[in-house]
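Here the structure is laid out as structure tokens; the discussion comes afterwards.
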Amino acid sequence: MSYKLSEGALEVIMNGGHYDKPVMQILGNKKIQGSGANERFRLLVSDGKHSLSFAMLATQLNDKLKTGELSDYSVVQVDRFITSVIKPNAEKRVMILLEITILAPGSEVGKKLGNPQTWSEDSAQAPVPATMTPAPKANPRPPPAVKPTFNPQLDSSMLSSQMTHPIASLSPYQNKWVIKARVMNKSGIRTWSNARGEGKLFSMDLCDDSGEIRATAFKNECDKFYDMIEVDKVYYISRCILKAANKQFTSLKNDYEMTFTADTVVSECMEDASTVPSVKFDFVPISEIANKSPDSLLDMIGVCKSAADVQELTAKSTGKLLKKREVTLVDSSGGAITLTLWGNEAEKFDGSTNPVIAAKGARLTEFNGSKSLSCLSSTMVRLNPDLPETHRLRGWYDNGGADCDIVNISARSGAYGGGSGEWVTFAEAEARQLGAGERGDYYSLLGALTFTFSDNAVYKACPQEQCNKKLLDQENGLYRCEKCNREYPNYKYRLLLGANVSDPTGDQRVTAFNEAAESMLGKTAAEIGQMFEYDKAAYSQLFEEVKFKTFVFKFRTKMETYSDEARLKTTVMSATPVDYKDANARLVKSIKALSGVEV
């Protein structure tokens, strides 16, 4: 099958012209910075005549590379792109692909099309034919664009999309740029006073098609811009300092953040701003939050099932009176979690209509085995946002979801669950009736693995980072995820391990999910999956070798009903090797308590 590339399109685009939906081939890709949600990929693209390495994939398209949907030799139609001048004096441009349609996968094409030459300004001296279809809207070498004048009365009409930079292209190595961005969130003014003086600041989160970034204004700039800038409006912003982002205080997907200076210029965009997106969320299902590390900053969405009254408390550090409200949220993953609202949001919140709440950048906290979310000053909270996830959750909740059984990961441990440092035995857990309550209980135990069930312990799961659904083999080289409603050529391995744990007083059947199971088996899910596929003997041996190994287990136990029969379901939250110095100290302490004899 032949594929028609848009020959000459790169020459037009890289000279500042316009080309409508060019068809190109991906010849290679390379990760250039970041990890996880902050990954950026550089592309080598070809239009059949020229190849270009100054191309970047927008972060929202990263999954297409990770899942294999977009691969080397793929032929794509670039539905939407922007270019950015990263070295104004040298007119060095980078092309950022925002939306693409994959016309043919790389596995089908299998080769480089044509004989493209590396694009450079020297190789682009020949004029572009006037008859090219679609016709470019600019000459190959247009006259230099009029640069905006930087002054407080900057007129937004002097700017255009050709003269603005995408947020994703900003770095500390540039000093001449203008962004066109929407304000997703704006904090209140915070003040401080210490030995070095007094000050104030406010911060805001900005986004455009390519990404998002935080901006902070201090002292004079705080006074100058705070009242001017409004949430959800679009502004042209220039002349800020860029520095490395402090990931401890932001969950935005950007390695940098902006600081306003005395030279910073902000001007509201007065033309149509509908093309600039609003808040970007990366939602985590509530049931998966239990596996996240404390102090993580997460995006989540859920239906308000209940809301407590406003409580007042005094901050230990400042002595200020604080107001908070705890809201219990549920979603279709079967999980429930408490979200704490503070200040005005806590006072104004009305949960009587069971609104859908979306929170961006809420901090995960843990206390006595239970996890909950708390809003920070930078957290964005939206009630009933106009999002597909909102409409799906509303439909689920109103059509039976409100009555579904849920696991509340914010449930406090039972009265006898003990602190996080106490170890109890199976006999003590039974005597205290741990797990018999409506919310379940958490406790720690020193025990040994006496049996592990190797059958069905590993499965092929959806390759998306936030989805762990078991895939259905379509038996045509593709795997289907019913949750995502998509087919993938690849997958990731995950573990669901059944085991028996014993201590001197009894034993219990337990279930361990991925991270806990990896700790127990001593290998990653990927390694175990490879053994299952290619070395069944080593796979079986692994499960034999872990028998009778001792761990300090952290369990969550809850009574559940199966076929009208009540059973205790115990889930391994974590399994850590025994610290024998600590274990011996506990044993000595128990001997002293029971015998009254000093040891």
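Beta bridges per DSSP, both residues in the chain: antiparallel share near 90 percent. With a ≥ b ≥ c taken as the square roots of the eigenvalues of the C-alpha gyration tensor of region 449-568, please select rounded if a/c is under 1.5 and otherwise prolate if a/b is larger than b/c or oblate if it is not? Cα axes put region 449-568 in the oblate bin. Rounded to the nearest 20 debye, the dipole magnitude of the chain is 1240 debye, with +1 charges on Lys and Arg beta carbons, -1 on Asp and Glu beta carbons, and the Cα centre as origin. Among residues other than Leu387 with Cβ under 15 Å from its Cβ, the summed charge is -1 (Lys and Arg +1, Asp and Glu -1). In this simple spin-label model, placing a label point 7 Å from the Cα along the Cα-to-Cβ direction at both Asn291 and Glu198 gives a separation of 5.1 nm. Accessible surface for the chain, divided over its residues, is 51 Å² per residue with a 1.4 Å probe.
Of all segments of the chain bounded by GluC sites (Glu not before Pro) found in a DSSP loop with no more than 16 other C-beta atoms within 10 Å, the longest spans 272-421.
With the dipole of the chain worked out from charges on the C-beta (+1 for Lys and Arg, -1 for Asp and Glu) around the Cα centre, which of Ala362, Ile229, Gly343 lies farthest toward the positive end? Towards the positive end, the residue furthest out is Ile229.
Among (i) 1.02; (ii) 0.96; (iii) 0.99, which is the computed Rg/Rh (Cα atoms, Kirkwood Rh)? Read-out from the structure maps to (i). Think of each Lys and Arg Cβ as +1 and each Asp and Glu Cβ as -1; about the Cα centre, that makes the dipole of region 251-372 roughly 580 debye.
Cα centroids of region 229-243 and region 183-221: 11 Å apart.
So for the chain, taking the charge dipole from beta-carbon charges (+1 Lys/Arg, -1 Asp/Glu), which of Ser74, Asn246, Phe281 sits furthest toward the positive end? Looking along the dipole axis, the top candidate is Asn246.
Rounded to the nearest 10 degrees, the inclination of helix 536-545 to the longest alpha-carbon principal axis of the chain is 50 degrees.
Output needed: Cys residues of the chain lacking any neighbouring Cys C-beta below 4.7 Å, sorted by number. By the Cβ distance rule, which asks for a partner under 4.7 Å, the isolated cysteines are Cys207, Cys222, Cys240, Cys269, Cys304, Cys375, Cys404. Of all DSSP beta bridges confined to region 170-321, the antiparallel ones make up roughly 90%. When the surface is traced with a 1.4 Å probe over the full set of protein chains, Met573 keeps roughly 60 Å² accessible.
Would you work out the charge dipole size for region 162-217 about its Cα centre, treating the Cβ of every Lys and Arg as +1 and the Cβ of every Asp and Glu as -1, and quote it to the nearest 20 debye?
220 debye
Here the accessible area of region 374-530 is 46 percent carbon and sulfur, with a 1.4 angstrom probe and all protein chains present. Put simply, the amide H of Met573, placed in the peptide plane, has neighbours under 5 Å in Lys554, Phe555, Arg556, leaving out anything fewer than 5 places away on its chain. Would you work out which of Thr570, Ser590, Met559 lies farthest towards the positive end of the dipole of region 540-592? Charges go on Cβ: Lys and Arg +1, Asp and Glu -1. Positive-end residue among those listed: Ser590.
Modelled spin-label separation between Lys224 and Phe548, with each label point placed 7 Å from Cα along the Cα-to-Cβ direction: 7.4 nm.
The values are calculated or read from the model by the stated rules, or taken from the named source; none is laboratory data. Small disclaimer: the values here were computed from a predicted structure and weren't measured. Virtual Cβ from ideal backbone geometry, glycine too; neighbours counted across all protein chains shown. Heavy atoms of the whole protein, side chains included, go into the accessibility calculation; ligands, DNA and RNA do not. Shrake-Rupley method; radii C 1.70, N 1.55, O 1.52, S 1.80 Å.
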